[in-house]
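Structure first, then comments.
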């Protein structure tokens with residue numbers, strides 16, 4: 001018995017037939033005739049010296065040897081496909097695929113994209129707004145913007161601006177609640193997307209950090225940060241807004257932060273890409289643009305005093 005691998009075309013025919021459990025469907029996928037596909041599988045069985053399929057009347061099933069080979073064949077072709085896509089992306093200097101959470105996409109990226117498009121008309125941006133942790137190769141992702149604590153082993157990781165939370169509300173509501181203490185009577189919107197932070201960054205923590213001895217009555221709860229901010233914009237109540245999600249609304253006057261006392265989260269948004277790809281022209285352009293956009297509102301961020309989070 002030899003360890004020499006059989007021809008790739010024969011393995012490809014087997015992989016397709018094992019996935020479909022049908023020679024006809026496998027042949028259609030590979031754009032060959034059923035007879036040609038059957039010939040490839042027969043040659044693979046001869047190379048192995050054992051059958052891989054049991055041919056039934058109108059169906060096929062894997063033999064023990066076929067069941068042993070099928071997972072590895074599938075994984076191998078998926079890895080080849082991912083590697084080929086990665087190699088193709090390295091030759092593409094005009095497309096940039098970015099993944100970010102829905103809240104960051106809606107509140108930070110989307111309102112600013114016209115500026116990037118104007119500055120870089122040669123780059124086609126594609127977005128995947130998802131909280132799912134994607135695989136850069138498998139999902140053909142060039143850049144990920146993620147919020148959390150890290151670390152990010154094996155990746156180029158650039159921390160963006162410090163993240164904090166601050167009470168935000170409409171100008172009308174700011175007139176109704178003129179002092180931090182008066183917020184105890186307000187509808188307090190809860191952003192559950194940061195519940196993973198430890199120690200907690202929430203309304204009770206903010207009141208304790210402000211040395212206000214109240215037990216706040218919280219209002220509607222949202223699993224997505226952008227939904228919580230939208231509720232504040234609609235005048236539903238007061239939200240603890242994260243810097244990245246509210247900074248533009250603060251700059252444009254749609255929201256106010258009348259009490260400039262912010263609570264640091266300890267977490268950050270990070271600009272992530274596979275190590276070595278940060279020098280690709282479109283990745284460099286996107287990174288430079290993000291940092292420039294953050295700098296445009298740095299004066300607003302710097303107007304807040306950071307509170308010391310109370311001990312647990």
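The values are calculated or read from the model by the stated rules, or taken from the named source; none is laboratory data. Bear in mind the structure is a predicted one, so any value in this text is a computation, not a measurement. Neighbour counts run over all protein chains shown; Cβ positions are idealised from the backbone, glycine included.
Quick notes
- When the range 148-164 is filtered for residues that are touching a residue at least 40 places away in the same chain (Cβ under 8 Å), assigned to a loop (DSSP other than H, G, I, E, B) and over 29 Å from residue 203 (Cβ atoms), the ones remaining, listed by number, are 152, 154.
- Residue 59 touching a residue at least 12 places away in the same chain (Cβ under 8 Å) and either surrounded by 12 or more Cβ atoms within 10 Å (Cβ to Cβ) or not assigned by TED's automatic domain parsing to the domain that holds residue 77 (or both): no
- Test result for residue 69, in the same structural domain as residue 19 (by TED's automatic domain parsing), touching a strand residue (DSSP E or B) at 6+ places or on another chain (Cβ under 8 Å) and farther than 30 Å from residue 294 by Cβ: no
- Residue that is surrounded by the most Cβ atoms within 10 Å (Cβ to Cβ) [pool: residues in the range 24-36 that are under 40 Å from the mean Cα position of the chain (by Cα) and closer than 16 Å to residue 60 by Cβ]: 26
- Hits in the range 182-231 (condition: without any contact (Cβ under 8 Å) to a residue 60 or more places away in the chain, touching a strand residue (DSSP E or B) at 6+ places or on another chain (Cβ under 6 Å) and assigned to a loop (DSSP other than H, G, I, E, B)): 186, 187, 216
- Counting the residues of the range 160-192 that are within 17 Å of residue 231 (Cα to Cα), surrounded by fewer than 21 Cβ atoms within 10 Å (Cβ to Cβ) and under 19 Å from the mean Cα position of the chain (by Cα) gives 1.
- Any hit, the range 214-222, residues being buried (at least 17 other Cβ atoms within 10 Å of the Cβ), farther than 27 Å from residue 288 by Cα and either at pLDDT 95 or above or not assigned by TED's automatic domain parsing to the domain that holds residue 302 (or both): yes
- Matching entry among 132, 138 (being under 22 Å from the mean Cα position of the chain (by Cα), surrounded by 13 or more Cβ atoms within 10 Å (Cβ to Cβ), more than 24 Å from residue 216 (Cβ to Cβ) and not assigned by TED's automatic domain parsing to the domain that holds residue 246): 138
- Residue identified as touching a helix residue (DSSP H, G or I) at 6+ places or on another chain (Cβ under 7 Å), under 19 Å from residue 3 (Cβ atoms) and surrounded by fewer than 15 Cβ atoms within 10 Å (Cβ to Cβ) among 50, 65: 50
- Any hit, the range 239-253, residues being in contact with a helix residue (DSSP H, G or I) (Cβ under 8 Å, 6 or more places away or on another chain), under 24 Å from residue 302 (Cβ atoms), in a loop (DSSP other than H, G, I, E, B) and at pLDDT 95 or above: yes
- On the stretch given as the range 265-284, residues that are surrounded by 17 or more Cβ atoms within 10 Å (Cβ to Cβ) and outside any loop (DSSP other than H, G, I, E, B) total 13.
- Scope the range 72-87; condition more than 17 Å from residue 10 (Cα to Cα) and either in the same structural domain as residue 287 (by TED's automatic domain parsing) or touching a residue at least 40 places away in the same chain (Cβ under 8 Å) (or both); matching residues: 82, 83, 85, 86
- Of all the listed residues (230, 249), the sole one being more than 22 Å from the chain's Cα centre (by Cα) and under 28 Å from residue 125 (Cβ atoms) is 249.
- Test: residue 292 is at pLDDT 95 or above, over 18 Å from residue 99 (Cα atoms) and part of a helix (DSSP H, G or I): yes
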